[in-house]
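No value in this document is a laboratory result; all are computed from the given coordinates. The structure displayed is predicted, hence computed values, not measured ones. Note: ideal-geometry Cβ built from the backbone for every residue, glycine included; neighbour counts use all protein chains shown.
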Amino acid sequence: MLPEPKFVNIEKPVQQASVAQAQYLSTVQAAAYLGVSRQTLEIGRHKGTGPIYCRPANRRIVRYFLPDLDAWMQDSRRQHTSCTHIDPRGRS
């Protein structure tokens, strides 16, 4: 009878990001999360219609806080095309 084979995990260990770091997304990551293009977020920043963002230290770096992206999506909900906002009580 042959001994049972031993399985060895040869994958590299994945480094875990801290909770705070994982909640901040780049423009590309935020666009993928929201299902929009990077350009949509850039135009939204320019026009002031996009989600809240921050520019830490370096003015070329833009980061989005995950809860702000969720809040922006919730605020963007519409019942129909002529509606400008959904009232939380269910009235438009």
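Looking at region 48-67, which of its residues are assigned to a loop (DSSP other than H, G, I, E, B) and aliphatic (A, V, I, L, M)? Across region 48-67, the qualifying residues are ILE52, ALA57, ILE61, VAL62. Cβ-Cβ contacts under 6 Å between residues 6 or more apart (or on different chains), taken from a first residue in region 39-60 that is touching a residue at least 12 places away in the same chain (Cβ under 8 Å) and under 15 Å from GLN29 (Cβ atoms) to a second residue that is part of a loop (DSSP other than H, G, I, E, B) and not polar (S, T, N, Q), are listed as LEU41/GLY50; TYR53/VAL62.
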